[in-house]
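Notes to accompany the following structure.
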Amino acid sequence: MMNKAIYFDMDGTLANLYGVNNWLTKLQNEDATPYTDATPLVKLNVLARLLNRLQANGYTIGIVSWLAKNGTTEYNTKVINAKMEWLTVHLASVKFDEIIITEYGTPKEMVVNFPNGILFDDEIANRENWIGTAYDVDNIIEVLKGLN
Ligand SMILES: [Mg+2]
C-alpha cells in the first residue's frame, strides 16, 4: 500500500549543486558555500503551492538528502546548516514534516518514516532501492500536479 508521503533529494534534484563553479573542490576543502549558492532546479513558487496543497490533502512532505562524501563532523554540521538555510530561503512557505540530512551513501529507504511513498531523486541507485514510487527529476511539477 502506497503511503501519502513525498520526499525530495536536494543535490541535483531541487538544488543545482553541480552547477556551482568548482563545487567538488570546494566540498573537498570543507567549504559549505556551494550548498547555499546552488540555484533552484524547479520553479519554487509553483512547487511550494503544490506542496502546501498536497500537505493539506494529507501528504507528508519530506527531504532526504546526503552530506558530503567523507566530511568531518565539523563540516557535516556546516553542511546541515547550509542545507537548512537553502530550504528556508527558497521554500520558506513549506513546513516540511520530515527533514533527514544524513551520511553520504545511506540507503534513503532505511531512514525515512514512509519509504512506501514517493521519492524524487537524480540518483538512479536511490530510485531503484526505494520501496515506493521513485521519479527522476525531469517532471517534478507535472507528477505533483497528477497527485490528489
Ligand atoms: Mg542528488
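Using 0.36 nm per residue and subtracting the Cα-Cα separation, the extra length available between ASN21 and ASP138 on full extension is 39.9 nm. When the chain is treated as a Gaussian network with alpha carbon springs shorter than 10 Å, the biggest mean-square fluctuation among LEU24, LEU41, LEU14 belongs to LEU24.
In the chain, the longest principal axis of the Cα atoms and the axis of helix 44-56 are about 50 degrees apart. Can you tell me the 0 to 90 degree angle between the C-alpha axis of helix 73-90 and the longest principal axis of the chain, rounded to 10? Taking the Cα atoms of the chain, the angle to 73-90 is about 50 degrees. Using 0.36 nm per residue and subtracting the Cα-Cα separation, the extra length available between LYS4 and THR72 on full extension is 21.0 nm.
Between exposed trypsin sites (Lys or Arg not before Pro) in the chain, where DSSP calls loop and at most 11 other Cβ atoms lie within 10 Å, what's the longest gap?
Working: sites that count: LYS69, LYS95.
It works out to 1-68.
Scaled against 2.2 N^0.38 Å for its residue count N, the alpha carbon radius of gyration of the chain is 1.00.
What's the local net charge at ASN148, with K and R +1, D and E -1, over the other residues with C-beta under 13 Å away? Present the calculation step by step, with values, prior to reporting the outcome.
Details: positive: LYS4, ARG53, LYS145; negative: none.
Within the 13 Å Cβ shell, the charges total +3.
State which stretch of the chain is the longest one without any exposed GluC sites (Glu not before Pro), exposure meaning a DSSP loop state and at most 15 other Cβ atoms within 10 Å.
Excluding the exposed sites themselves, the longest stretch runs over 31-102.
For each pair in LYS26/LYS83; LYS43/LYS108; LYS83/LYS108; LYS83/LYS145, compute the distance between the two Cα atoms and list the pairs where it is over 20 Å. Please list the in-between numbers first.
Details: LYS26/LYS83 15 Å; LYS43/LYS108 25 Å; LYS83/LYS108 17 Å; LYS83/LYS145 26 Å.
Over 20 Å apart, Cα to Cα: LYS43/LYS108; LYS83/LYS145.
Net charge near ILE80: determine it from the other residues with C-beta under 14 Å of the C-beta of ILE80, scoring Lys and Arg +1 and Asp and Glu -1. Spell out each step's value before the answer.
Details: positive: LYS78, LYS83; negative: ASP11, GLU30, GLU74, GLU85, GLU103.
Overall, the nearby charge balance is -3.
A straight Cα-to-Cα reach below 20 Å connects LYS78 with the aspartates and glutamates ASP9, ASP11, GLU30, ASP31, ASP37, GLU98, GLU103, residues fewer than 8 places away in its own chain not being considered. DSSP assigns beta bridges within the chain; of those with both partners inside it, close to 5 percent run antiparallel. Under 5 Å from the amide H of ASP11 lie the amide H atoms of TRP66, each residue being 5 or more positions distant or on a separate chain, with H modelled from the backbone and absent for Pro and chain starts.
Neighbours of VAL64 by Cβ distance under 10 Å: Lys/Arg scored +1, Asp/Glu scored -1, total -3. Ordering LEU50, LEU91, ILE118 by Cα displacement along the dipole of the chain toward the positive end leaves LEU50 in first place; charges were set at the Cβ atoms of Lys, Arg (+1) and Asp, Glu (-1).
Would you mind working out the magnitude of the charge dipole of the chain relative to its Cα centre, with +1 at each Lys and Arg C-beta and -1 at each Asp and Glu C-beta, to the nearest 20 Debye? Intermediate results must be reported in sequence, preceding the final value.
Numbers: 12 positive and 18 negative charges, 109 e Å.
For this selection, approximately 520 debye.
Annotation: for a label point projected 7 angstrom from Cα along Cα→Cβ of ALA125, residues of the stretch 57-98 with backbone N closer than 16 Å are 65-71.
Quick note: the coordinates plus some simple rules give every number you see, no bench work behind them. Since this is a predicted model, take the numbers as computed values, not measurements. Please note: Cβ atoms are built from the backbone with ideal geometry, for glycine as well, and neighbour counts cover all protein chains shown.
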